[in-house]
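Inspection log for the structure reproduced underneath, given as structure tokens.
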Amino acid sequence: MIKDLLGGFTSMFVALPAAIAFGISIYAPLGYEFAAMASLSGVLGTIAIGLITPLFGGTPRLISAPCAPAAAVLSVLVAELAKINTIETSSIPLLIGITIFLAGLFQILLGALGGGKLMKFIPYPVVAGYLSGLGILICSGQLSRFLGFSQFLNWQSWDLISIPSVVVGLTTIISMSLGIRYSKKVPPALIGLNSGILVYFLLSIWYPELLNLNGNKMLVGKILPTDTSISENLLSKWLSFDQLANFPFQSLIIPAFTLGFLLSIDTLKTCIVIDAMTLSRHDSNKELRGQGLGNICSALFGGVAGAGTLGPTLVNLSSGAQTRLSGFYSGLFSLMVLLFFTFVLQWLPISALAGVLMVLGFRMVDFKSVGLLKNPSTVLDFLVILIVVISALSTSLIIAAGVGIVMAILLFLREQVKSSVVRRIFTGDKKFSKKKRLNSENLLLEQFGNSTALFELQGQLFFGTADQLFNVLEKYITSCKNIVLDFGRVQSIDFTAVNMLKQIHARIKQRGGYLILASIPKALSTGHSVFDYLNSLNLSRNTPYLMFFEDKDEALEWTEDRIIKEYQNQIRDSDHPLEVTEFEFFQQFPTKVQRKLGEIMKNRFFPKGENIFRQGEVHDKIYFIRRGTVKIELPLKGSRTHHLATFGKGDFFGDMAFLDHEPRSADANAAEDTELFELSKKKFNKLRKKDPEVGTIFFETLAYTISQRLRLNLVELSAMQET
């Protein structure tokens, strides 16, 4: 608790003077007569945000107080409102309070909807450009106060420049800059402000009028008129509401959104710094809700908006604070200053506060971004920063916010367009389905498989990448009969991309080929149904020359069957069960060996879905498929399985256990009604002892067939390395 008290006390010395400077900066366009009210608004903002936000936000060690982004946005809004003749000047603080209130509601809504995580994905160039623009506006906005003017500088009136203001401001800037560079224990803002105050009173030796509080425009002056209390001052503000009966309050929505957006970024940026320094992790959404409540309370009590601020937070950390109570104590100490030490605040030189803000604004400008011009790949990032800065300076922060959002979208589109939507490309002579083929069939696939092209797609298929996909496919459309598109890694698809698929289908159809779509998700993360898109363009399962499959393996199996059927009279296509002599495996065997093997093999029938053997079972049987299909599947947790291979009519499986008599490594299931020849190792060994020729021919054929299977696996692995 002691460390939290110390952290809250020291951070108050940084947050409170800066808040007063921000308050004066916001209401400066209204003239000197609003200086006291402006100073009070900064103090009240520090108190309200400091007391409320730590209790509901809860990020340990975070100090929340009025900040530079709030000053930049609200000062522009005050200047724009002051130009409207139909608005009483005394009503402008109320409109600012309503804007802050709406910004707080926006932050609460953003946190409730989980927007805290989304804020982290705003591109850095957009944030850097916006903050740089804010920094320049803050510096330029303080120039008149630095020079001792209440209005903007009149370059024809150099003789009117207040020398004491310039001296005090320069002293503050130089002292604060040196403090940033050399001081690690004392806050630089505190060093600069105390130096400015000291020089101010030293200058009073030559300028005695500086010691006069009444009418002295170089000082903050009295926070409240002597004849009113704080509550009366606030009440008069809200009683002016009836003067705004005809005001278009909807015009405050965009400034409020901009303010809430910037305050959220500023807060989360500071939270990330805390996480890095303390090895902790904050709750972004909870913090946004707390910040929103703090700003709403600040608006209700006449304070200015704020956020989690980096300077006071770093002071709090260096003071050893441990919990969120340190932020609460910072607000509590600010309240004590308002109640008992306002006489100190009234002697703060305005030019010293302007100097503090100018240093803070200067540090917000990202000068390092110029280095992005050195690398061609980052030139666009620099241009984004520059465009946002120019928008902020030449138009308004509100328009700059819109420009920033547009540039963020453009940066996203650039990254999507630069990244390839095609992950890998295979041809059918390099990539095979899980269905095991006979040697003669494998030779056909190696020879004619290049008539099939498989494209593994990824990422976002939308208007920005549709043309990229078409360009990649175009050369294959003219040479391949089957184009397989695997959507297994596609995250989103828009209508433009689906329309492009229709064009591809039309081109393939002209050549008598097939467009084959595999692994199409029923619904994407966006909630859109791909099949709804396809159906709207008359692309369905009934469309000629268009096929749909659950995964790419089934799609490849279909294309392989089509190639084999085209180039070979398939005995496997007939419905009758194969005899021993009809198996490709046994065709090189002498007739007497075929006959002897047929005598010891057992005929088995398995209906569709029945298990043939299970993982872990121990027996020595090899199976030859007379009719039907068998799937080899690896059992996984949760009753799930992984499909390893498919064996069809004329092929064999179970050879590993036949050779080594080890437990089965996977399950074998009948994918359809299946008839098998079952050959046990025990019976085979008896026959081999009587006729050694049987064993020699059998193992030679088995070794050759297994080696051919391994060779195809190597072809696939080589193809994957090349892509």
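The values are calculated or read from the model by the stated rules, or taken from the named source; none is laboratory data. Everything quoted here is computed from the prediction, not taken from an experiment. Note that each Cβ is placed from the backbone with ideal geometry, even for glycine, and that neighbours are counted across all protein chains shown. Quick note on the areas: whole protein, heavy atoms, side chains included, nothing else; ligands and nucleic acids left out. Shrake-Rupley method; radii C 1.70, N 1.55, O 1.52, S 1.80 Å.
A few points about this structure:
- Rounded, prolate or oblate (a/c below 1.5 giving rounded, otherwise prolate when a/b exceeds b/c) for region 1-114 by Cα gyration tensor: oblate
- Of interest is the spacing of the C-alpha centroids, which for region 342-405 and region 278-317 amounts to 21 Å.
- Longest site-free stretch - the chain; sites: trypsin sites (Lys or Arg not before Pro), DSSP loop, at most 14 other Cβ within 10 Å: 282-510
- Estimated [θ] at 222 nm from DSSP helical runs (n ≥ 4, -39500 (n - 2.57)) normalised by residues in the chain, nearest 500: -18500 deg cm²/dmol
- Of the residues ILE520, ASN603, GLN615, the one whose Cα sits farthest towards the positive end of the charge dipole of region 471-617 is ILE520 (charges of +1 on Lys and Arg Cβ, -1 on Asp and Glu Cβ, taken about the Cα centre).
- Gyration tensor verdict on region 633-723 (Cα atoms; rounded if a/c is under 1.5, prolate if a/b is larger than b/c, oblate otherwise): oblate
- Extension gain for THR591 to TYR704 (0.36 nm times residue separation, less C-alpha to C-alpha distance): 38.7 nm.
- Region 670-703 and region 627-656: distance between their alpha carbon centers, rounded to Å: 20
- Mean separation of Cα contacts under 8 Å, 6 or more apart, over the residue count of region 573-709: relative contact order %: 32
- HIS619 accessible area, assembled protein chains, probe 1.4 Å, Å²: 30
- Spherically averaged projected area of the convex hull of Cα atoms, the chain: 43.8 nm².
- Measuring r between the beta carbons of ASP275 and LEU339 and using R0 = 41 Å, the FRET efficiency lands at 0.70.
- Set of aspartates and glutamates with alpha-carbon distance to LYS592 below 14 Å, sequence-local pairs under 8 removed: ASP691, GLU693
- In straight-distance terms, cross-link reach from LYS185 covers every one of the lysines whose alpha-carbon lies under 28 Å from its own, apart from those fewer than eight places away in the same chain; here that gives LYS3, LYS269, LYS368.
- Accessible-area composition of the chain, carbon plus sulfur, in percent [1.4 Å probe]: 61
- Cα pair count fraction exceeding 12 Å, expressed as % - region 353-395: 66
- Calculated FRET efficiency for the pair ARG424/LYS602, C-beta based, R₀ 45 Å, to 0.05: 0.55
- Surface accessible to a 1.4 Å probe, per residue, for the residues of the chain, Å²: 46
- Spin-label model, SER377 to LEU636: label points 7 Å out along the Cα-to-beta-carbon direction sit 3.4 nm apart.
- Cross-link pairs LYS565/LYS596; LYS434/LYS637; LYS522/LYS565 - those with Cα-Cα distance over 30 Å: LYS565/LYS596; LYS522/LYS565
- GluC sites (Glu not before Pro) restricted to DSSP loop in region 649-711 with at most 14 other C-beta within 10 Å: GLU672
- Computed about its Cα centre, the charge dipole of the chain is approximately 1500 debye, with only Lys, Arg, Asp and Glu carrying charge at their Cβ.
- In a fully extended conformation the segment linking THR496 and ASP467 would gain 9.5 nm over its present Cα-Cα distance, using 0.36 nm per residue.
- Taking a straight line from the alpha carbon of LYS621, these aspartates and glutamates sit under 16 Å away, with near neighbours fewer than eight places off in the same chain left out: GLU599, ASP651, ASP655, ASP660, GLU662, ASP667, GLU675, GLU678.
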